[in-house]
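Input: a single structure, listed below in structure tokens.
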Amino acid sequence: MIKTPIAVLGIDLGKYTCSLAGLDINGAIVLRRRMTREAVIAFAASLPTCIVAMEACCGAHFLGRTLAAQGHTIRLMSPEYVQPYVKAQKTDDRDAEAIAEAATRPTMRFVSLKSETQLDLQVLHRARERLVVARTSLINQLRAVLLERGIVLPKGRLVLMRRLREIGMDELPVSGRTRRLIEDLCEEASALDERIRAYDEEFADLTRTDEQARRLSSIPGVGIINATALLAAVGDASAFSKARDLAAWLGLTPRQHSTGGRTKMLGISKRGNRYLRKQLIHGACAAMPHLAAKPTPLGVWLQGLLARSHPNVVVVALAAKLARIVWALLRRKQAFDQGALATA
């Protein structure tokens, strides 16, 4: 029986067992225990409502939702923000204590608790990305096999497959065994295309039924894939107080190395979600020529940047601008208006 009420419960999550550290209202440690995940849920149910702090890692969102349903206040934090509070040697018990202490800091940044729908979307995107990587590797191997036989085909996956169909397998100047290998590779690539297309259709169906996804997909350079990925990662963007915070979280803003009152801006930080950053940059690269050709505020801004900066720098700047526009649409619940939101 705990004599002193627990104000903050820090949980260091493990695969089978978790370490718990309880702090009272003054920050003193009143509890240290190790429990299984099931026992943690039962133990938390017996406590008065308090702050439950965890690192945002695998299983944290499920446990967070479960404990939130019991009335507790959930605070998830990035592990890198918890690390400075670990004292001396690293142990599970000290990690739990550091998590509890970090959750009490007024300047701490917390991670929004993800719903089961958001986690489902993230899983779908990760599965699709794995297939895309496998398809790219397969196409590269196919090109290498053909190049070793002196067959050079144009760039582009679709162009490659079309040229192979036009030439015909029987006309390729290769041995019979290599011809069968190329046929197998082409069949595997076609199967991957079908699986990726099935995921794309699922994302398209979701976009048609979800109002937020429809808003985001209407932004040039965002589209269906980026819209659903952003919703899965940031939800309604309530975790970000301003638009630049979302761009910074995605690693699209410059790093700083400042001292003695001198501010030195470096390249983009590349922090945060690598998949989202990559997708936004690809979307910006595809949309930039179209946007820069229009006399809109966004188009004029792009024209000015292109006149004085390398196109690759402008693409990253546009990706950061798109992230800011995404924040504006999610927070204001508005439809995309190129004239009104270009300066977000």
Dimensionless Rg/Rh of the chain, both radii on Cα and Rh by Kirkwood, sits at 1.07
Which whole-number percent is the relative contact order of the chain (Cα, under 8 Å, 6+ apart)?
11
What list of ³J(HN,Hα) values in whole Hz, one per residue of region 146-154 in order, does the Karplus curve 6.51 cos²θ - 1.76 cosθ + 1.60 (θ = phi - 60°) give from phi, with Gly and Pro shown as x?
5, 5, 5, 9, x, 9, 10, 10, x
Which pairs break 30 Å Cα to Cα here: 15/114; 114/294; 87/242; 90/242; 87/264; 114/333?
114/294; 87/242; 90/242; 87/264
For the chain, with only Lys/Arg (+1) and Asp/Glu (-1) charged at the beta-carbon, what is the dipole magnitude about the Cα centre, in debye rounded to 20?
1180
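So what is the relative contact order of region 4-152, in percent, for Cα pairs below 8 Å that sit 6 or more residues apart?
Over region 4-152, the number comes to 22 percent.
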Which order do the peptides 104-111, 271-278, 32-39 take when ranked by the mean count of other beta-carbon atoms within 10 Å per residue, highest first?
271-278, 32-39, 104-111
Put +1 on the Cβ of every Lys and Arg and -1 on every Asp and Glu Cβ in region 131-207; which of 136, 203, 146 then has its Cα farthest towards the positive end of the dipole?
146
Gap separating the Cα centres of region 257-286 and region 85-143, nearest whole Å
19
Whole-Hz ³J(HN,Hα) from phi, Karplus 6.51 cos²θ - 1.76 cosθ + 1.60, for region 68-79, glycine and proline x
5, 5, 7, x, 7, 8, 9, 10, 9, 9, 5, x
HN-Hα couplings for region 172-184 via Karplus (6.51, -1.76, 1.60; θ = phi - 60°), in whole Hz with x for Gly/Pro, come out as 5, x, 10, 6, x, 5, 5, 4, 5, 5, 5, 4, 4
Distance in nm between pseudo-label sites at residue 15 and residue 200 (7 Å out along the Cβ direction from Cα):
3.7
Taking the reciprocal of mean 1/r across every pair of different Cα atoms in region 1-56, the Kirkwood radius in Å is 11.4
Name the residues whose placed amide hydrogens come within less than 5 Å of the amide hydrogen of residue 74, ignoring near sequence neighbours (fewer than 5 apart) on the same chain.
52
Percent carbon-and-sulfur accessible area, region 150-263, ignoring ligands, DNA and RNA, probe 1.4 Å
48
Going highest first, how would you order 170-180, 203-213 by mean Cβ packing within 10 Å?
203-213, 170-180
Determine which lysines satisfy two conditions relative to residue 155: a Cα distance under 23 Å, and not lying fewer than 8 residues away in the same chain.
278
Per residue value of the accessible surface for the chain (all protein chains in place, 1.4 Å probe), Å²
55
List 61, 290, ordered by accessible area with a 1.4 Å probe, largest first:
290, 61
Mind ordering 20-30, 319-329, 133-143 by average Cβ neighbours within 10 Å, highest first?
319-329, 20-30, 133-143
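The values are calculated or read from the model by the stated rules, or taken from the named source; none is laboratory data. The model shown is predicted, which means the values in this text are computed figures rather than measured ones. Cβ: placed from backbone, ideal geometry, glycine included. Neighbour counts: every protein chain shown. For accessibility, only protein heavy atoms count, side chains too; no ligands or nucleic acids. Shrake-Rupley method; radii C 1.70, N 1.55, O 1.52, S 1.80 Å.
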